[in-house]
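What follows is a single structure, written as structure tokens, with notes after it.
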Amino acid sequence: DVVAGRADRIPPRDRARLWTQVPAHVESRDRGALLWTALGAIAVDRGTARVAQLLATMPDVARSALRGNAALGTLLAHGILAPHDLPLRIIPAEPAALDGWRFA
């Protein structure tokens, strides 16, 4: 079930870490790769694909581990990485619309 809602609060930004915002899957191609997310495919170079392969389990990453890596800009620009974690709670606008779900 899907209904409109809002995030309780977005966690604060962190200067040292980046968090994966969406699951990503890499599909290798002859001259690069496609990075698939829920929003579709993004053409990326092999270096970005190598970094993105580590993101399938949605980990957080030390920003220093990606310093100087061209993948960092690509992944930030497409919203795949961000300097804050995902919200811990989503509050549905109409809880009753989520048949069978209970909310405290």
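Values as computed for the structure displayed
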item: Listed residues Gly79, Gly68, Gly47, most fluctuating in the chain (Gaussian network, C-alpha, under 10 Å); result: Gly68
item: Under the Karplus curve 6.51 cos²θ - 1.76 cosθ + 1.60, θ = phi - 60°, whole-Hz ³J(HN,Hα) for the stretch 78-92, x wherever Gly or Pro sits; result: 8, x, 7, 10, 8, x, 9, 6, 6, x, 7, 8, 10, 9, x
item: The chain - charge dipole about Cα centre, Lys and Arg +1 at Cβ, Asp and Glu -1, debye rounded to 20; result: 500
item: For the chain, calculated [θ]222 nm from helices alone, where every DSSP H run of n ≥ 4 adds -39500 (n - 2.57); result: -4500 deg cm²/dmol
item: Sum of side-chain charges, Pro87 neighbourhood, beta-carbon under 15 Å (Lys, Arg +1; Asp, Glu -1); result: 0
item: The chain, accessible surface, carbon-and-sulfur percent (1.4 angstrom probe); result: 54
item: Residue with peak Gaussian network fluctuation, the chain [Cα springs, cutoff 10 Å], from Ala71, Ala16, Ala49; result: Ala16
item: Net charge of Cβ neighbours under 15 Å - reference Asp30; Lys, Arg +1; Asp, Glu -1; result: +1
item: Percent of Cα pairs exceeding the 18 Å cut-off, where the set is the chain; result: 54
item: Sum of side-chain charges, Thr20 neighbourhood, beta-carbon under 14 Å (Lys, Arg +1; Asp, Glu -1); result: -1
item: Per residue, in Å², the accessible surface of the chain once ligands and nucleic acids are set aside, probe 1.4 Å; result: 70
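The values are calculated or read from the model by the stated rules, or taken from the named source; none is laboratory data. The shown structure was predicted, so the numbers you read here are calculated from the model rather than taken from an experiment. Using ideal geometry, Cβ is built from the backbone for each residue, glycine included, and neighbour counts are taken over all protein chains shown. What goes into the accessible areas is simple: the full protein's heavy atoms, side chains included, and nothing from ligands, DNA or RNA. Shrake-Rupley method; radii C 1.70, N 1.55, O 1.52, S 1.80 Å.
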